[in-house]
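Each remark here refers to the structure printed beneath this line.
The values are calculated or read from the model by the stated rules, or taken from the named source; none is laboratory data. Just so we're clear, the structure is a prediction, and the values are computed from it rather than from any experiment. Heads up, the Cβs are rebuilt from the backbone with ideal geometry, glycines too, and the neighbour counts pull from every protein chain shown.
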Amino acid sequence: MHYIGIDMSKNSFNFCVIDETEKIIKQGSFPVSKDGFANFLKLISSFDNPLVLVESSSRYHLPLVYSLVSNNFPVYVVNPKAVHKFINFKSPNNPSKSDSKDAFFIALFTKYESNNLKPYSPSDSLKLIARKIDSISKDIAKTKTQINQHIDVLFPELSKRVNIFSKAILNLLLYYPSAFDISNANVNEINKFLYTPIGRKVSISADELILLAKNSVGVNNVALKVSLKADIERLFFLENQLKELESVFTDMMKDFFCDDIEIVSSIAGISERLACRFIAEIEDISRFENAKKLISYAGTDPVVKQSGKWKVRMSISKQGNPFLRNILYQMATGVVMWNEIFREYYRRKYQQFKSRKKAMIAVVNKLVRVIFAMLSNRQFFNHPSLISNT
């Protein structure tokens, strides 16, 4: 068995090959290029049972990882923090650092930790799409806040009467971005936006809207109107991007995790979209020894701090995966709303803690335990047994 550690950078990568005795067999570097990859593949092909571990470095490591996977080499990708902890343990009194030394310690890490790591697979790239979906969702929320702020100045009465984020109202504001513009508009022109063949009917008539605009205290500020229109166009663009990404993401997730998605989404209140996001973050339930380990990975485990006679109970550790934690909160919100079993559990915890936040955290952890049992036992939601046994 040979263990190969790789330290990546943008333009090149250092490697180190060691054997079972931890003796360095070969080390060096190659450029990040087609020839560099080909020469590296040729080199490691000469070793018996090579195990390759690449330290994750932004996105720079992915081309090499894909090249190795496509040539059927077992590859592991590890967080740099894990390697740094290992280095500090193995060499606490030698703080010197170099790319070749890092590659050696990564190879050493491979020897000792490969049994605890999951080989990289093409499905791991699904996290990239999941992260982009999360980023766009945050951009949408931020853009909506900006739109709301503009309307509060240009036409503050509007949000009290209608849903300002309906397609009809947003399209109207693209052409008539202030109360002043709407008050001077023709009724027939306003009707063209309010009465659309698709979507929900707007809960205000053109006459009522024009009257509301004429009595508005909104200002007619050109800069704000231009900014509002730009933000509305940005919102439409982001929403289209999100819809397209979620469609591609869901289809790809089903190719790899169809059964897992069906199991998780069998819980009333958890959509297929959220089930996909959840599975993308945990990848494989067998990675976790028990539900407690999964709760810790999410960072929703309770933390207690004690000092002398005083004991302060923190809500959650927040030391785990922040993306998974956010997804779990969305899932918990859904099951409390749509699932009677979880809704009743939330009520009991609220009565116990007298805190909505703590009650929701309890629901999150209960939900994790239930999902862990479902995925481990390959069963759909059977609320009486699953709730009582978790």
Checklist (1) of a type in the set (A, V, I, L, M); (2) at pLDDT below 95; (3) within 20 Å of ASN240 (Cα to Cα) applied to LEU173, failing item:
(2)
Counted residues in region 137-170 being touching a residue at least 24 places away in the same chain (Cβ under 8 Å) and part of a helix (DSSP H, G or I) come to 17
For the structure I just gave you, tell me whether TYR176 is touching a helix residue (DSSP H, G or I) at 6+ places or on another chain (Cβ under 9 Å), in the same structural domain as ARG234 (by TED's automatic domain parsing) and farther than 18 Å from ALA230 by Cβ.
no
Please work out if MET8 is surrounded by 14 or more Cβ atoms within 10 Å (Cβ to Cβ) and at pLDDT below 95.
yes
Filtering region 262-293 down to residues that are among the aliphatic types (A, V, I, L, M), over 16 Å from the mean Cα position of the chain (by Cα) and in a helix (DSSP H, G or I) yields ILE263, VAL264, ILE285, ALA291
Matching residues in region 171-198 - criterion: being outside any helix (DSSP H, G or I) and without any contact (Cβ under 8 Å) to a residue 40 or more places away in the chain:
TYR176, ASN184, ALA185, ASN186, TYR195, THR196, PRO197, ILE198
Restricting to region 4-60, what's the tally of residues that are of a type in the set (Lys, Arg) and in contact with a strand residue (DSSP E or B) (Cβ under 9 Å, 6 or more places away or on another chain)?
1
Residues of region 208-224 being part of a helix (DSSP H, G or I) and within 20 Å of LYS160 (Cβ to Cβ), in sequence order, are GLU208, LEU209, ILE210, LEU211, LEU212, ALA213, LYS214, LEU224
Quick check, is ILE232 farther than 15 Å from LEU158 by Cα, among the hydrophobic types (A, V, I, L, M, F, W, C), touching a residue at least 12 places away in the same chain (Cβ under 8 Å) and buried (at least 17 other Cβ atoms within 10 Å of the Cβ)?
yes
Checklist (1) among the charged types (D, E, K, R); (2) in a helix (DSSP H, G or I); (3) free of Cβ contacts under 8 Å to residues at least 40 places away in the same chain; (4) over 13 Å from MET8 (Cα atoms) applied to LYS111, failing item:
(3)
Could you check ALA141 against (1) aliphatic (A, V, I, L, M); (2) surrounded by fewer than 16 Cβ atoms within 10 Å (Cβ to Cβ); (3) within 13 Å of the chain's Cα centre (by Cα) and say which number it fails?
(3)
Report yes if some residue within region 45-68 is of a type outside the set (D, E, K, R), loosely packed, with under 13 Cβ neighbours inside 10 Å and at pLDDT below 90; otherwise report no.
yes
Does ILE267 satisfy the criteria of being at pLDDT below 95 and in contact with a helix residue (DSSP H, G or I) (Cβ under 7 Å, 6 or more places away or on another chain)?
no
Condition test on VAL312, is it at negative phi, touching a Lys or Arg at 6+ places or on another chain (Cβ under 7 Å) and either modelled with pLDDT under 95 or outside any loop (DSSP other than H, G, I, E, B) (or both)?
yes
May I ask you to list the residues in region 264-285 that are charged (D, E, K, R) and without any contact (Cβ under 8 Å) to a residue 24 or more places away in the chain?
GLU272
Which number in (1) surrounded by 20 or more Cβ atoms within 10 Å (Cβ to Cβ); (2) over 30 Å from LYS254 (Cβ atoms) marks the one condition that ALA130 misses?
(2)
For the list (1) β-branched (Val, Ile, Thr); (2) surrounded by fewer than 17 Cβ atoms within 10 Å (Cβ to Cβ); (3) within 21 Å of HIS150 (Cα to Cα), I need the number of the one condition that ILE190 fails.
(2)
Across (1) touching a helix residue (DSSP H, G or I) at 6+ places or on another chain (Cβ under 9 Å); (2) of a type outside the set (Val, Ile, Thr); (3) surrounded by fewer than 16 Cβ atoms within 10 Å (Cβ to Cβ); (4) over 30 Å from ARG343 (Cβ atoms), GLY218 clears everything bar (3)
Within region 11-31, residues hydrophobic (A, V, I, L, M, F, W, C) and either closer than 14 Å to GLU55 by Cβ or crowded, with 17+ Cβ neighbours inside 10 Å (or both) come out as PHE13, PHE15, CYS16, VAL17, ILE18, PHE30
